[in-house]
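Q: Sharing a structure, written as structure tokens. Questions coming.
The values are calculated or read from the model by the stated rules, or taken from the named source; none is laboratory data. Computed from a predicted model, the values in this text were never measured in an experiment. Ideal geometry is used to build each Cβ from the backbone, glycine not excepted, and the neighbour counts take in all protein chains shown. Heads up: the accessible areas ignore ligands, DNA and RNA and are worked out on the full protein's heavy atoms, side chains in. Shrake-Rupley method; radii C 1.70, N 1.55, O 1.52, S 1.80 Å.
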Amino acid sequence: MKDWKHPLLRSRMEHLRVGILLVLGITCIGLMAGVGRQQSVQVTAVQAQTLTGLTVALDPGHGGYDGGARAHDSGIWEKEINLQIALAVEKELLARGAQVVLTRREDICLAPGDTATKARKRADLKARTDLAQAAGADVFLSIHLNEYRSRTESGPQVFYQQGGEAGRLLAGALQAALVAGLKPGKIRSAMAGDYFVLRSSIPSALVECGFLSNAAEEKLLLDPDYHTRIAAALADGLTEYRRLAGPVQ
């Protein structure tokens, strides 16, 4: 029988015990990491199904002769950024299973002619809603950027057609998701208004993604990473709207 109290043997046993504990610890960490990766994959898979069966019409506001607002510092027209954001939103929605139709994919006006008249503007807006109707869209989102004479105004804001309950529910869900996802300095609420592009039987909302007149927000609105954050927030809002409104018939 060996003398386990001998100093040399005690030292060797202690080293062996520490080694075993280290191996067990590394093994447990590896197993936990594997479980974490599996859970991450499962969450991503579930998220990808949240908008399956939903058809979304995305309208990048303005286009062609109609530039919309103009950024104070960079000089970029609203119409350009609207399209960039809409394309980012399309990518996110497709990843979550939605079907998407865009009213424009390039810098064009949807009404014929070569003059800037109210009649042509009205025809352009009607062409956008007609495209959404023809596609059988379940919701219609018109993407825009805001501006104001005071450069301190900031924050995204969603509008809906006054008197429209479905639009109000949609705008509320989108507004809450934008606030949660973008964490703007100024918290705004969804508001009703009278907008020709929202006068449709389709639940519709006009999304002002931020203020081009605000120097700090202009920089954000020019950043593709921020477009991705806007896209994720709008997709989250549509998911919540779908939950509240019930399944698409």
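Q: Just to be sure before I move on: is SER213 open to solvent by less than 20 Å² (accessible area, probe 1.4 Å), in a loop (DSSP other than H, G, I, E, B) and either on the phi > 0 side of the Ramachandran plot or small (Gly, Ala, Ser) (or both) in the structure I sent?
A: yes
Q: Quick check on the range 158-176: of everything there that is touching a helix residue (DSSP H, G or I) at 6+ places or on another chain (Cβ under 7 Å) and either of a type in the set (Asp, Glu) or under 26 Å from GLY64 (Cα atoms) (or both), which residue is least open to solvent (accessible area, probe 1.4 Å)?
A: VAL158
Q: Being surrounded by fewer than 20 Cβ atoms within 10 Å (Cβ to Cβ) and small (Gly, Ala, Ser) is the filter here, so list the residues in the range 133-154 that pass it.
A: Within the range 133-154, ALA134, ALA135, GLY136, SER150 qualify.
Q: If only one of VAL197, VAL207 is buried (at least 17 other Cβ atoms within 10 Å of the Cβ), in a strand (DSSP E or B) and not acidic (Asp, Glu), which one is it?
A: Only one candidate passes the filter, namely VAL207.
Q: Of the residues ALA233, ALA180, which is surrounded by fewer than 19 Cβ atoms within 10 Å (Cβ to Cβ) and assigned to a helix (DSSP H, G or I)?
A: Among ALA233, ALA180, only ALA180 is surrounded by fewer than 19 Cβ atoms within 10 Å (Cβ to Cβ) and assigned to a helix (DSSP H, G or I).
Q: Which members of the range 95-116 meet the condition of being among the polar types (S, T, N, Q), open to solvent by 30 Å² or more (accessible area, probe 1.4 Å) and at pLDDT 95 or above?
A: Once the filter is applied, which keeps residues that are among the polar types (S, T, N, Q), open to solvent by 30 Å² or more (accessible area, probe 1.4 Å) and at pLDDT 95 or above, the range 95-116 yields only GLN99.
Q: Sort out which residues of the range 114-143 are in contact with a Phe, Trp or Tyr (Cβ under 9 Å, 6 or more places away or on another chain) and not in a helix (DSSP H, G or I), and write them in order of number.
A: Matches in the range 114-143: ASP114, THR115, ALA116, VAL139, SER142.
Q: Quick check on the range 112-131. Is at least one of its residues of a type in the set (Val, Ile, Thr), touching an Asp or Glu at 6+ places or on another chain (Cβ under 9 Å) and touching a residue at least 40 places away in the same chain (Cβ under 8 Å)? Give the steps one after another, and end with the answer.
A: Within the range 112-131, the subset of a type in the set (Val, Ile, Thr) is 115, 117, 129.
Now restrict to residues that are touching an Asp or Glu at 6+ places or on another chain (Cβ under 9 Å): 129.
Among the residues that remain, those that are also touching a residue at least 40 places away in the same chain (Cβ under 8 Å) are: 129.
Yes: the range 112-131 contains one or more residues that are of a type in the set (Val, Ile, Thr), touching an Asp or Glu at 6+ places or on another chain (Cβ under 9 Å) and touching a residue at least 40 places away in the same chain (Cβ under 8 Å).
Q: Could you run through the range 126-147 and say how many residues are touching a Leu at 6+ places or on another chain (Cβ under 8 Å) and of a type in the set (Ser, Thr, Tyr)?
A: The total comes to 1.
Q: Here's something else I'd like to know. Can you tell me which residues in the range 52-100 are of a type in the set (A, V, I, L, M), in a loop (DSSP other than H, G, I, E, B) and closer than 25 Å to ARG199 by Cβ?
A: Hits for the range 52-100 are LEU54, ALA69, ALA98.
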